[in-house]
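> First the structure, then my questions, so here it is.
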Amino acid sequence: MSWFQSVLTGQMRLRLAYPWGFWMSLLAELFIVGAMNWFLWHAVVDARGGVGFEGYTTWSLVLYTMITSTLRKVQMNSDQFAGIADDIYTGSLNKYLVYPIPYFGFRFAMHLGGSLMSLMQSTLALGLFWVVTRSGGEPLPGGTALMQSFVLVFLSISLRFVINSAIQASAFWFDQIWALLVLFSFLIMLLGGQLIPLSLYPDWAQVILSYTPFPILAALPAEALLGKLSWPNFFSGLGVGVVWTLVFLGLGHLVFRMGVRNYSGIGA
Amino acid sequence: MIHVEKLQKTYRIPEKDPGLMGSVRSLFNRRWIDRHALAPISFEVAPGEIIGLLGANGAGKTTLIKMLAGIMHPSAGSAQVQGYVPWERKNAFKKQIAIVLGQKSQLWPDLPAADSLLLLREIYGLEQNAYQKRLDFFLDTLDLRKLLKTQIRRLSLGERMKFELVAALIHEPKVIFLDEPTIGLDIGSQRAIRTFLSEYSKTFKPAMILTSHYMEDVEALCERLLILREGELVYEGSLTNISESYAQGRNIKIQLKDEALKHSLIKNYPNLREDPEQPGLMRLHINRDEVSETVLGILKIAPVTDLSVEEEDLGNIIDSLQTSRKGTSR
């Protein structure tokens, strides 16, 4: 077993050892998001005289927001969310700098391990909800939807990690980077379609956003799971996501290499 | 093995005036000051040697160790550890060094020690048989076998430090940096760690740099010392030479046969003092050149039941070197 697998499975075991916190917050979030959106979209559709939105029923809009909300939890992976910045602030980075392995690789293995456990548990919860409520007749995801969404979810986990890493590496210079992470989360809500599907945005906005990293973090995996993503859109989204992942990976490494020259290992 | 040439470190740290206005002003006009953590320092450490790196808090000990372990970049100067520049952090270099920071755990607190060690086996790419052999050696030597499956966070400080040492040494490093490995431990645990390090050094002969505030650590483990004061190297030499170079005084202890002669002695030796905790025991501090003359003089005046001449305490000498403004010795 390689060190990457060891770290990944170790993190998965750790998450399994303390599952209740995740389940409590997941169920609470799904209930609140689901209920809130159910009332909201019903009110909106009623106000439009019963006319829905193209491609979406009220139930699929509710499911969409529940999927993006779950996806946010899977990507955020709370215990790893500010791990790199914490390592820099507390001096815990010291131990990783003397290990003969890449620091970002180690952190990514931790992040992926936590995210995979969150994904499995979230899929179970969401699947149960979908089956039990029948979701107003929305069909369960087929093979294509599952495959597309699995690929995009994995890409979104990776992309979120590299963007967060690049932001957190700025902790070498700044005493507090929490605000930047929160700002980024708000940008995903607005520009990634976390709250409402991007297809409800004006056409010009959709075109611009399709070249940014944001839709890969929320809208595209949700659309894929709901069976609303065409193959051309899947591949173009995949391509854009891979490019942004590589860009932020390089940027993160560059920022880290520059920042570590200022590192003093304080706290150790 | 370790070659250091004019290595120095200066921190640039922000400074702000006190109060709310000071905070507001610093938002727009931040002032920076240079803090010299380490003045240019040069030394070498040979294989198998244990160097004691001493100094008061803030003297630059940890800064020096972090630079040699590749954690920090220096401001100027050069260093080679096992032929590598530490701060280039090449994997081949990292596989040959270990660092133990007494105030910072290297282990994962939520995992049992066994899991942390297995992870380290993967990280260092150790072959299974060699890993098991070394692990057995450490578990038996440090009496840790029964604790292997316990979560790190549930261990006592002494037990945790023993596992820190196992984790640091499992890949058989050629160079070991020990930054206060016995800090906060009880006397029994301190002794166990000292004995282990001494035996380990004799068996595997790595180069070691040890920092500690405990004289017992230094006396038991180190043959050579580097003493830092406010970032400057003020002493480099053997532990035995430090007494010869700096112990200029001697302490004479006298137990008089006849207490009535005490006042006659004090008249001749005004510095003579009675020990407040041991009545009847007289103490006199003199220059080491005056020992024979003083002892003969005392014996002429008053017969004694006991008389001893002692060197100054090594701890006091080192403490004075660390903190005072005496001349330096290189």
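The values are calculated or read from the model by the stated rules, or taken from the named source; none is laboratory data. Bear in mind that the values here come from a model prediction, so they are computed numbers and not experimental data. FYI the Cβ positions are ideal-geometry reconstructions off the backbone, even for glycines, and counts take in every protein chain you see. For the accessible areas, the whole protein counts, side chains as well, though only heavy atoms, and no ligand, DNA or RNA atoms are used. Shrake-Rupley method; radii C 1.70, N 1.55, O 1.52, S 1.80 Å.
> Name the residue, out of B:L233, B:L197, B:L185, that is surrounded by 17 or more Cβ atoms within 10 Å (Cβ to Cβ), of a type outside the set (K, R) and touching a Gly at 6+ places or on another chain (Cβ under 7 Å). Even if it seems obvious, please write down each step before you answer.
On the way: B:L233 fails: touching a Gly at 6+ places or on another chain (Cβ under 7 Å); B:L197 fails: touching a Gly at 6+ places or on another chain (Cβ under 7 Å).
Of B:L233, B:L197, B:L185, the one residue that is surrounded by 17 or more Cβ atoms within 10 Å (Cβ to Cβ), of a type outside the set (K, R) and touching a Gly at 6+ places or on another chain (Cβ under 7 Å) is B:L185.
> Across the range B:268-296, which residue is most open to solvent (accessible area, probe 1.4 Å) among those that are of a type outside the set (A, V, I, L, M) and in contact with a helix residue (DSSP H, G or I) (Cβ under 7 Å, 6 or more places away or on another chain)?
The qualifying residue most open to solvent (accessible area, probe 1.4 Å) is B:N268.
> Which one is nearest to the other protein chains (Cβ to nearest Cβ), of the residues in the range A:1-55 that are exposed (fewer than 14 other Cβ atoms within 10 Å of the Cβ) and of a type in the set (S, T, Y)?
In this case the residue turns out to be A:S2.
> So, one more: When you check A:L220 against the structure, is it modelled with pLDDT under 95 and among the hydrophobic types (A, V, I, L, M, F, W, C), yes or no? If you could, list the steps in order and put the result at the bottom.
Numbers: modelled with pLDDT under 95: no; among the hydrophobic types (A, V, I, L, M, F, W, C): yes.
In short, no.
> Looking at the range B:117-164, which of its residues are within 14 Å of chain A (Cβ to nearest Cβ) and among the hydrophobic types (A, V, I, L, M, F, W, C)?
Selection gives B:L117, B:L118, B:L119, B:L120, B:I123, B:L126, B:I152, B:F163.
> When B:K267 is evaluated against the numbered criteria (1) in contact with an Asp or Glu (Cβ under 8 Å, 6 or more places away or on another chain); (2) under 23 Å from B:D289 (Cα atoms), which criterion, by number, is the only one it fails?
Only one criterion is unmet by B:K267, namely (1).
> Continuing with the same structure: Please work out if B:T10 is touching a strand residue (DSSP E or B) at 6+ places or on another chain (Cβ under 6 Å), outside any strand (DSSP E or B), of a type in the set (S, T, N, Q) and under 24 Å from A:V98 (Cβ atoms). Spell out the reasoning first.
Working: touching a strand residue (DSSP E or B) at 6+ places or on another chain (Cβ under 6 Å): yes; outside any strand (DSSP E or B): no; of a type in the set (S, T, N, Q): yes; under 24 Å from A:V98 (Cβ atoms): yes.
No; evaluated as a whole, the condition is false for this residue.
> Still on this model: Of everything in the range B:302-315, what is modelled with pLDDT of 75 or more, hydrophobic (A, V, I, L, M, F, W, C) and not in a strand (DSSP E or B)? Give them in sequence order.
B:A302
> What number of residues in the range B:243-264 are in contact (Cβ under 8 Å) with a residue 60 or more places away in the chain, polar (S, T, N, Q) and in contact with an Asp or Glu (Cβ under 7 Å, 6 or more places away or on another chain)?
Looking only at that region, the number is 2.
> Exactly one condition in (1) open to solvent by 80 Å² or more (accessible area, probe 1.4 Å); (2) out of contact with any strand residue (DSSP E or B) (no Cβ under 8 Å at 6 or more places or on another chain); (3) part of a loop (DSSP other than H, G, I, E, B) is not met by B:D17; state its number.
The one condition B:D17 does not meet is (1).
> Just the residues that are in a helix (DSSP H, G or I), of a type in the set (A, V, I, L, M) and within 17 Å of B:D140 (Cβ to Cβ), please, taken from the range B:161-193.
Just the residues of the range B:161-193 that are in a helix (DSSP H, G or I), to begin with: B:161-169, B:187-193.
If we keep only those that are of a type in the set (A, V, I, L, M) as well, we get B:161, B:165-169, B:187, B:192-193.
Across the range B:161-193, the qualifying residues are B:L165, B:V166, B:A167, B:L169, B:A192, B:I193.
> More than 23 Å from B:K202 (Cα to Cα) and open to solvent by 10 Å² or more (accessible area, probe 1.4 Å) - does that describe any residue in the range B:161-176? Full working, then the answer.
Applying the first criterion (more than 23 Å from B:K202 (Cα to Cα)) to the range B:161-176 yields none.
No, there is no match, as no residue in the range B:161-176 is more than 23 Å from B:K202 (Cα to Cα) and open to solvent by 10 Å² or more (accessible area, probe 1.4 Å).
> Filter the range B:147-198 down to residues that are of a type in the set (V, I, T) and free of Cβ contacts under 8 Å to residues at least 40 places away in the same chain and give me whichever is farthest from B:L64 (Cα to Cα). Even if it seems obvious, please write down each step before you answer.
The initial filter retains those residues of the range B:147-198 that are of a type in the set (V, I, T), namely B:150, B:152, B:166, B:170, B:175-176, B:182-183, B:187, B:193, B:195.
Filter once more, so that each one left must be free of Cβ contacts under 8 Å to residues at least 40 places away in the same chain: B:150, B:187, B:193, B:195.
Working: B:T150: 34, B:I187: 28, B:I193: 23, B:T195: 25 Å.
Selected residue: B:T150.
> If A:V132 passes every condition in (1) touching a helix residue (DSSP H, G or I) at 6+ places or on another chain (Cβ under 9 Å); (2) modelled with pLDDT under 90; (3) over 13 Å from A:L26 (Cα atoms) but one, which one does it miss?
All conditions pass for A:V132, except number (1).
> From the residues in the range B:90-107 that are within 8 Å of chain A (Cβ to nearest Cβ) and assigned to a loop (DSSP other than H, G, I, E, B), which one is most open to solvent (accessible area, probe 1.4 Å)?
So, considering only residues that are within 8 Å of chain A (Cβ to nearest Cβ) and assigned to a loop (DSSP other than H, G, I, E, B), the one most open to solvent (accessible area, probe 1.4 Å) is B:Q103.
> What number of residues in the range A:62-109 are open to solvent by less than 10 Å² (accessible area, probe 1.4 Å), part of a loop (DSSP other than H, G, I, E, B) and away from chain B (no Cβ under 13 Å)?
Counting residues in the range A:62-109 that are open to solvent by less than 10 Å² (accessible area, probe 1.4 Å), part of a loop (DSSP other than H, G, I, E, B) and away from chain B (no Cβ under 13 Å) gives 1.
> Right, here's the next one. Out of everything in the range A:256-267 that is open to solvent by 30 Å² or more (accessible area, probe 1.4 Å) and on the phi < 0 side of the Ramachandran plot, what residue ends up being nearest to the other protein chains (Cβ to nearest Cβ)? Before you say what the answer is, go through the steps one by one.
Of the range A:256-267, the ones open to solvent by 30 Å² or more (accessible area, probe 1.4 Å) are A:257-258, A:261-262, A:266-267.
Subsequent filtering for residues that are on the phi < 0 side of the Ramachandran plot retains A:257-258, A:261-262, A:266.
On the way: A:R257: 10, A:M258: 11, A:R261: 5, A:N262: 8, A:I266: 10 Å.
So, considering only residues that are open to solvent by 30 Å² or more (accessible area, probe 1.4 Å) and on the phi < 0 side of the Ramachandran plot, the one nearest to the other protein chains (Cβ to nearest Cβ) is A:R261.
> Oh, and also: Checking B:L68 against (1) of a type in the set (A, V, I, L, M); (2) more than 13 Å from every other protein chain (Cβ to nearest Cβ); (3) open to solvent by less than 10 Å² (accessible area, probe 1.4 Å); (4) touching a strand residue (DSSP E or B) at 6+ places or on another chain (Cβ under 8 Å), which test does it fail?
(2)
> Could you run through the range B:140-157 and say how many residues are farther than 26 Å from A:I266 by Cβ and surrounded by fewer than 19 Cβ atoms within 10 Å (Cβ to Cβ)?
We begin by selecting, within the range B:140-157, every residue farther than 26 Å from A:I266 by Cβ; these are B:140-151, B:154, B:156.
Then drop every residue that is not surrounded by fewer than 19 Cβ atoms within 10 Å (Cβ to Cβ), which leaves B:140-141, B:143, B:145-146, B:148-151, B:154, B:156.
Counting residues in the range B:140-157 that are farther than 26 Å from A:I266 by Cβ and surrounded by fewer than 19 Cβ atoms within 10 Å (Cβ to Cβ) gives 11.
> Scan the range B:52-89 residue by residue and report those that are in a helix (DSSP H, G or I), out of contact with any helix residue (DSSP H, G or I) (no Cβ under 6 Å at 6 or more places or on another chain) and of a type outside the set (S, T, Y). Reasoning before the result, please.
First, pick out the residues of the range B:52-89 that are in a helix (DSSP H, G or I): B:61-68, B:86-88.
Next, only the ones that are out of contact with any helix residue (DSSP H, G or I) (no Cβ under 6 Å at 6 or more places or on another chain) stay: B:61-67, B:87-88.
Across the range B:52-89, the qualifying residues are B:K61, B:L64, B:I65, B:K66, B:M67, B:W87, B:E88.
> Would you mind stating whether B:L299 is at pLDDT 85 or above, open to solvent by 40 Å² or more (accessible area, probe 1.4 Å) and not in a strand (DSSP E or B)? It would help to see each step written out before you state the result.
Values: at pLDDT 85 or above: yes; open to solvent by 40 Å² or more (accessible area, probe 1.4 Å): yes; not in a strand (DSSP E or B): yes.
Answer is yes for this residue.
> I would also like to ask the following. So, in the range B:27-62, of the ones that are within 14 Å of chain A (Cβ to nearest Cβ) and open to solvent by less than 20 Å² (accessible area, probe 1.4 Å), which residue ends up nearest to the chain's Cα centre (by Cα)?
If we take residues in the range B:27-62 being within 14 Å of chain A (Cβ to nearest Cβ) and open to solvent by less than 20 Å² (accessible area, probe 1.4 Å), then B:K61 is nearest to the chain's Cα centre (by Cα).
> Inside the range A:162-245, counting only helices (runs of 4 or more DSSP H) that do not spill past its ends, which hold 3 or more residues that are crowded, with 23+ Cβ neighbours inside 10 Å and in contact with a helix residue (DSSP H, G or I) (Cβ under 8 Å, 6 or more places away or on another chain)? Quick ask: steps written out before the conclusion?
Numbers: elements: A:178-191, A:203-209, A:214-217, A:219-225.
Where helices (runs of 4 or more DSSP H) fall fully within the range A:162-245 and carry at least 3 residues being crowded, with 23+ Cβ neighbours inside 10 Å and in contact with a helix residue (DSSP H, G or I) (Cβ under 8 Å, 6 or more places away or on another chain), they are A:214-217, A:219-225.
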